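Report on one structure; see the data block that follows.
The values are calculated or read from the model by the stated rules, or taken from the named source; none is laboratory data. The structure presented is a predicted model; accordingly, all values stated were derived computationally and were not measured. For neighbour counting, all protein chains shown are included, and Cβ atoms are generated from backbone atoms with ideal geometry for every residue, glycine included. To get the accessible areas, we keep the full protein, side chains included, count just its heavy atoms, and leave off ligands, DNA and RNA. Shrake-Rupley method; radii C 1.70, N 1.55, O 1.52, S 1.80 Å.
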Amino acid sequence: MELISGLPEDVARDCLIRVPYEKFAAVASVCKGWNSEIYSPEFHRRRRTTKHAQKILVTVQSKIDSEKTRTGLLAKASANPVYGLSVFEPEAGLWSELPLGPELASGLPMFCQIAGVGYELVVLGGWDPDSWKASNSVFIYNFLSAKWRRGADMPGGPRTFFACASDQNQTVYVAGGHDEEKNALRSALAYDVANDVWVPLPDMSRERDECKAVFRRGALCVVGGYCTEMQGRFERSAEVFDVATRKWGQVEEEFLDAAACPRTCVDGGDGAEGEMYMCRGGDVVVLQGDTWRRVAKVPSEIRNVACVGVWEESMYVIGSSGFGEPHMGFVLDLKNGAWAKVVSPEEYTGNLQCSCMLEI
């Protein structure tokens, strides 16, 4: 049976790889041939190699009540926020919202973490929005089917403020954070998304609460954080886990050139240089080799940076001028250092807690 009547198979496939990601489920439901094509690994490979794969930034963002915004009650509404998933398409400049499954009807867990693996988005942990208790739950959204499923819970009991990163293909890594008694953790885990299996990893050399994980150069880099006795006093150090040997390397004591919260650290892309970017002290800085250098000043309108995303030669920064204030976004051209403000609809200006980049 022909994929598209009257067209050669290669031409039909060239048509299908141009389908926008939000139409995958509708296209896959048309016929068995299209369903098989959309779900095939070759479809994903062809989208990437022909540069039809779409880069998207997914954020955990509080939902905005327009009436409260107009009446100046946004700060009060922020005391009991409901979080959802917002999607920004940087190339098109478009915002949209991902639907939440029945088990997430009350909103996403506060302080949950997210990571992208292939065509799936994984939501891990956080505080239950009804009970406010730390959760070890895992929820997975599939962009091909536009459906949610429940994953196996994180083992070892609830943990909060942990680091989370993905190799983009199969595995999500979790490290550090703290337990229900506010004890910082050294433990780390790997989650095989397709097989729904958790595997314990060797412990890190030290406890790391509120650390940040970045997958770069084929390894898991866990940056900063602090131990139980040093509440809120961030370290400059980092540890790198080699996924091939399943071993942690020596602690890099001066990985950051200044002690700071590492939440804005992000991978700089697929280049061999293994660059890492972050916003610190009003500057955008980049790690090249073993040296951090200043790239640009963060726009003056942003005092609190909430999230950062890097794709190709651009960086997207979202933040606000202060607590309870609307969030706004700017794009930095990494080649010439020029900033451009992004127009965000009012419903996408709520508080952001975390984000991840996907190519689908």
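Below are the figures for this structure:
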quantity	calculated
Theoretical FRET efficiency, 1/(1+(r/R0)^6), r = Cβ-Cβ of Lys147 and Leu94, R0 30 Å, to 0.05	0.85
For the range 1-21 versus the range 294-347, the gap between their alpha-carbon centres in whole angstrom	38 Å
Cα-Cα over 23 Å, subset of Lys51/Lys147; Lys133/Lys247; Lys63/Lys341; Lys23/Lys51; Lys51/Lys212	Lys51/Lys147; Lys133/Lys247; Lys51/Lys212
Solvent exposure of the chain as accessible area per residue, Å², 1.4 Å probe	47 Å²
Leading residue at positive end of dipole, the chain (Cβ point charges), from Phe24, Trp127, Val342	Val342
Inter-centroid distance (Cα atoms) of the range 33-61 relative to the range 163-231, Å	28 Å
Within the accessible area of the chain (1.4 Å probe), percent carbon and sulfur	50 percent
Mean residue ellipticity (222 nm) of the chain, computed from DSSP H runs ≥ 4 via -39,500 (n - 2.57), nearest 500	-2500 deg cm²/dmol
Additional length obtainable on full extension of the chain from Ala194 to Asp14, 0.36 nm per residue less Cα span	62.1 nm
Shape category assigned to the chain from the gyration tensor of Cα positions, a/c cut at 1.5	rounded
